[in-house]
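Here the structure is laid out as C-alpha cells; the discussion comes afterwards.
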Amino acid sequence: MRIAILSDIHGNLVALEAVLADIDRQGPFDHLVVAGDLCMAGPHPAEVIARLRSIPCRVIKGNTDAWLVKPPTVPSGNDRLREIVSWTRERLSRDDLDYLAALPFQVEISPARGHDLLVVHANPHDLETPIRPDTSLGELTRLTENVGAEVLAFGHVHIPFVRRVGGLTLVCVGSVGSPLDGDPRAAYAIPHWDGNRWAIEHRRAEYDVEATARDMRHVKMPSAKHWAERLRRARPEEKVPAP
C-alpha cells in the first residue's frame, strides 16, 4: 500500500499543482490524504479548495482552516494575521466555508491489523500544539499518549522529518505551499506498507516561487511583500508566528 500525504498548502495553487504532477509521476497510490491548512496566507484560497474538491482525496482540518470558519482572537499588535484571515474569508464562498467547517480531525488507514497509519494536522489532540524536530521526549510522550497507530503523520510545522517514540514512528510531511526548512521546493511524503513494515519517503517538487510571489501582489494580498519573501527564504520570521 502506497499513500501520498501532503499538508499546509496555504493558498499556493502553483505549488499544489507541482506536487499533484509529481504524485501522478510517482503513482499509482492507494490513498491521497491532505493534512489541513488549505488556503490561508496565499493568493489562491478558493482555487485551492476547488482543486482539492475536483480530485479523489481525503482532507482533514488544519488550524488555519478552523480560523477561517471561526476567526481567532488575534493578539494585540498582530495586524498581519488579522488582515490575512479577513482577506482570505472575503475570497471564500459560503460553500467553501461550509466545506472547511465539515472537515474531519483525522484520517486513519489500516493496511494490516496492528499497523495503522494515523494522519492529523498538528498532533492527535488539538490543531495547534506543534510536534517539532526538537520537541522534548516528555512532550512527545504526552502528545502521543494513547495513540494506537504504528505511524503518526502530520504537518503544521512545515519541516519534514521522521522521529521515533517507542514503537511509534512520527512523520512530519512538511509543507506544500510554505516550507520552513530552508528549501523552497514544495514538500510531501509517501508512506509505503510493503506487507511487513512501513517505509517513509520524503519528496520535493520544484515550482515557480516567483509566479506565486507575483500573484500575491496582483491580487493585492495584505503584506504581500512579507509573504513573498517568506516563500523565497523558506524560513520563519521570529516576530511572526507561522500559520
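Of the strands (runs of 3 or more DSSP E) that lie entirely inside segment 61-173, those containing 1 or more residues that are within 25 Å of Ala4 (Cβ to Cβ) and in contact with a Ser or Thr (Cβ under 8 Å, 6 or more places away or on another chain) span 117-119, 151-154, 161-165, 168-172. Starting from residues that are assigned to a helix (DSSP H, G or I) and either under 13 Å from the mean Cα position of the chain (by Cα) or aromatic (Phe, Trp, Tyr) (or both), keep the ones in segment 14-36 and report whichever is surrounded by the fewest Cβ atoms within 10 Å (Cβ to Cβ). In this case the residue turns out to be Val19. Report whether or not Ser178 is polar (S, T, N, Q) and closer than 14 Å to Gly155 by Cα. So Ser178 passes the test. For segment 165-175, taking the residues that are farther than 20 Å from Glu128 by Cβ and at pLDDT 95 or above, the one that is surrounded by the fewest Cβ atoms within 10 Å (Cβ to Cβ) is identified as Leu168. Candidates are the residues of segment 176-209 that are touching a helix residue (DSSP H, G or I) at 6+ places or on another chain (Cβ under 8 Å) and charged (D, E, K, R); the one that is farthest from Gly138 (Cα to Cα) is Asp208. Asp96 fulfils the conditions (1) at pLDDT below 95; (2) over 20 Å from His158 (Cα atoms); (3) surrounded by 14 or more Cβ atoms within 10 Å (Cβ to Cβ) except for a single criterion, (1). Within segment 153-175, can you find the residues that are within 17 Å of Val34 (Cα to Cα) and touching a helix residue (DSSP H, G or I) at 6+ places or on another chain (Cβ under 9 Å)? Those that are within 17 Å of Val34 (Cα to Cα) and touching a helix residue (DSSP H, G or I) at 6+ places or on another chain (Cβ under 9 Å): His156, Leu170, Ser175. Scanning segment 231-243 for residues that are at pLDDT 95 or above, surrounded by 15 or more Cβ atoms within 10 Å (Cβ to Cβ) and either part of a loop (DSSP other than H, G, I, E, B) or not aliphatic (A, V, I, L, M) (or both) yields a count of 1.
The values are calculated or read from the model by the stated rules, or taken from the named source; none is laboratory data. Nothing here was measured: the structure is a model prediction, and the numbers come from that model. Neighbour counts are summed over all protein chains in view; Cβ atoms, including those assigned to glycine, are modelled from backbone coordinates with ideal geometry.
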